[in-house]
Amino acid sequence: MHARKLILVGWDAADWQIAQPLWEAGRLPALANLIRQGASGPLENSRDLYTREF
């Protein structure tokens, strides 16, 4: 039995409404390839987990 490989990419403050038109237009080919070959979707923060402001 072969071990399955997994990569989880989190892009802080990314917005699908901005990123999706870019990869569909060929501006983000590496990301488009990852999405095409795998699965994708939005992630939500855990409760009480906030990004620190600088």
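Each reported figure results from applying straightforward, stated rules to the coordinates on display, with no laboratory input. Computed from a predicted structure; not experimentally measured. With ideal geometry, Cβ positions are generated from the backbone for all residues, glycine too; neighbour counts draw on all protein chains shown.
Each other residue within a Cβ distance under 14 Å of P21 adds +1 if Lys or Arg and -1 if Asp or Glu, for a net charge of -1.
For the range 6-12, the Karplus equation 6.51 cos²θ - 1.76 cosθ + 1.60, evaluated at θ = phi - 60°, returns couplings of 9, 10, 10, 10, x, 10, 4 Hz by residue, with Gly and Pro reported as x.
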